[in-house]
Amino acid sequence: MCIGAGRKVALAGAGALATAAVVAGALLLGGAGEEPEDIGVWPGCVGERCRGKQAQSQGCGLKGSGMRTVAEREYGRQTVVELRYSPTCRASWVRIRFGATGDRIEIAGPDKESQSAEVADKYDAQNYLPTPMLAGGPEGMTACLVRADGGERHCFGR
């Protein structure tokens, strides 16, 4: 085999690998603002095993898990609180977008078990901040926002 042919094979292999990476990235990221479709993510936990774990790290909050927002509320000009559910993981959680430092979000299940998260700094405030998950579907789950300025409590369910 001549040196030029080996180089062509290596370049073709690298090109195929790059194409596969782009396709995989497109499948994982999807379109902005679109709800994910179920493409078969293998979850890191299911049901009771999800209790207290983070949705993203377990694959429950990723495109392909069937994850969706089942209820949401806006507070003020920017703050949005969402009740989320992944049927693949059979778990629910709450997340906040554009909260204020000191705001706290909570999810409570029908059995009164709860999980919470607090906006600790400007980085949490600028991004999505989720609570750990509770096992079970969104029925009977309650999402709450406790405002840092005055401690006002706003709750809703599905």
* **Residues of segment 118-143 that turn out to be free of Cβ contacts under 8 Å to residues at least 40 places away in the same chain, under 16 Å from the mean Cα position of the chain (by Cα) and closer than 18 Å to Cys89 by Cβ, as a count** => 2
* Asked: Tally time: how many residues in segment 55-91 are open to solvent by less than 70 Å² (accessible area, probe 1.4 Å), in contact (Cβ under 8 Å) with a residue 60 or more places away in the chain and not in a strand (DSSP E or B)?
  -> 4
* Asked: Within segment 27-46, is even one residue under 24 Å from Arg153 (Cβ atoms) and either at pLDDT 95 or above or assigned to a strand (DSSP E or B) (or both)?
  -> no
* Structure fact -> Restricted to segment 94-117 and to residues being within 20 Å of Ser57 (Cβ to Cβ) and β-branched (Val, Ile, Thr), the residue nearest to the chain's Cα centre (by Cα) is Val94
* Tell me, please, whether a residue that is modelled with pLDDT under 95 and among the basic types (Lys, Arg) can be found in segment 115-125. => yes
* Structure fact -> Picking from Asp111, Asp124, the residue that is of a type in the set (Asp, Glu) and part of a loop (DSSP other than H, G, I, E, B) would be Asp111
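The values are calculated or read from the model by the stated rules, or taken from the named source; none is laboratory data. Model, not experiment: these values are computed from the prediction. Every residue, glycine as well, gets a Cβ built from its backbone with ideal geometry; the counts of neighbours run over all protein chains shown. Ligands, DNA and RNA are excluded from the accessible area calculation, which covers all protein heavy atoms including side chains. Shrake-Rupley method; radii C 1.70, N 1.55, O 1.52, S 1.80 Å.
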